[in-house]
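The values are calculated or read from the model by the stated rules, or taken from the named source; none is laboratory data. Predicted model only: the values in this text are computed from it and were never measured. Note that each Cβ is placed from the backbone with ideal geometry, even for glycine, and that neighbours are counted across all protein chains shown. With ligands, DNA and RNA removed, areas are computed over all heavy atoms of the protein, side chains included. Shrake-Rupley method; radii C 1.70, N 1.55, O 1.52, S 1.80 Å.
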Amino acid sequence: MAPTPSGDTRTRVHVISDVHGNARDLARAGDGADALICLGDLVLFLDYADHSRGIFPDLFGVENADRLVELRTARRFAEARELGARLWAGVDGDRAELIEGAVRRQYAEMFAAFPTPTYATYGNVDMPPLWSEYAGPGTTVLDGERVEIGGRVFGFVGGGLRTPMRTPYEIGDEEYAAKIEAVGEVDVLCTHIPPEVPELVYDTVARRFERGSRALLDAIRRTRPRYALFGHVHQPLVRRMRIGATECVNVGHFASTGKPWALEW
């Protein structure tokens, strides 16, 4: 906590989400802050802005990445899965082992870049079982849990809800709602996905509605946290809006901006 000109102490927290392989900027994300909060999606499977980056093009080439993005953007998910199945059929080695190896290499770099202290939760493309192996003493991983930072209580809920994309950490609505319930009343509610509000879940570039959480929306209305912070939607129609007493903020697509969102009190 830094002293103000009047002698009071203030707390500054930087919040990021959707890192997707941006280790260079991650190493500086906590500069000038008392703590860093990361709302998940460290893994880069496929960069929709640059199809040459990520696990998928490393394995199958840029042309196949172009085709996969085209199919997913058109919401032709069955064809996208068929394409993936054909490509994997031609690969020597176990699919799960190849993906896990690539994710481990990314995690080693990402977690090494986290400053101390960092408070983090999972995104929908993350692999939670691996996090304990890479999170150092300065990184606290929370999911359905609370922590106090600078006198305020922060609650964390990670992961996403089930979608046709079938990303690694998608869970059922009831399980997600139970984690929201476990967090209870907090000053700042931190999640990977947004509440289910059309303006907050619509991606203007992908031209689709991502999945938000109704349970999260209900909790915001019921418990009235000061802030609800989230990511997941990379190019939202609206980045910030009030729901009752709560300021809801999409903290930004860190992979492309490299800039954290700051909260100070």
Q) What are the residues in region 203-212 that are buried (at least 20 other Cβ atoms within 10 Å of the Cβ) and in contact with a His (Cβ under 7 Å, 6 or more places away or on another chain), if any? A) 210
Q: Go through region 213-227 and give me each residue that's without any contact (Cβ under 8 Å) to a residue 40 or more places away in the chain and either open to solvent by less than 10 Å² (accessible area, probe 1.4 Å) or among the aliphatic types (A, V, I, L, M) (or both).
A: 217, 219, 220
Q: Could you grab me the full set of residues in region 243-254 that are touching a residue at least 24 places away in the same chain (Cβ under 8 Å) and surrounded by fewer than 15 Cβ atoms within 10 Å (Cβ to Cβ)?
A: 244
Q.
Residues that are at pLDDT 95 or above, open to solvent by 40 Å² or more (accessible area, probe 1.4 Å) and in contact with a strand residue (DSSP E or B) (Cβ under 8 Å, 6 or more places away or on another chain): does region 166-182 have at least one?
A. yes
Q.
Just to be sure before I move on: is residue 257 of a type in the set (Val, Ile, Thr), at pLDDT 95 or above, under 28 Å from residue 33 (Cβ atoms) and open to solvent by 40 Å² or more (accessible area, probe 1.4 Å) in the structure I sent?
A. yes
(Q) Step by step: first the residues of region 117-144, then only those that are closer than 13 Å to residue 37 by Cβ and open to solvent by 40 Å² or more (accessible area, probe 1.4 Å), then the one that is nearest to the chain's Cα centre (by Cα). Which residue is that? (A) 141
Q: Tell me, yes or no, whether region 147-159 has at least one residue that is in contact with an Asp or Glu (Cβ under 9 Å, 6 or more places away or on another chain), β-branched (Val, Ile, Thr) and buried (at least 23 other Cβ atoms within 10 Å of the Cβ).
A: yes
Q) Among the residues of region 89-109, is there at least one that is within 23 Å of residue 35 (Cα to Cα) and either of a type in the set (A, V, I, L, M) or open to solvent by less than 20 Å² (accessible area, probe 1.4 Å) (or both)? A) yes
Q) In region 2-20, which residue that is modelled with pLDDT of 95 or more and more than 20 Å from residue 117 (Cβ to Cβ) is most open to solvent (accessible area, probe 1.4 Å)? A) 20
Q) Being polar (S, T, N, Q), in contact with a Ser or Thr (Cβ under 9 Å, 6 or more places away or on another chain) and over 21 Å from residue 124 (Cβ atoms), is that true of even one residue in region 207-225? A) yes
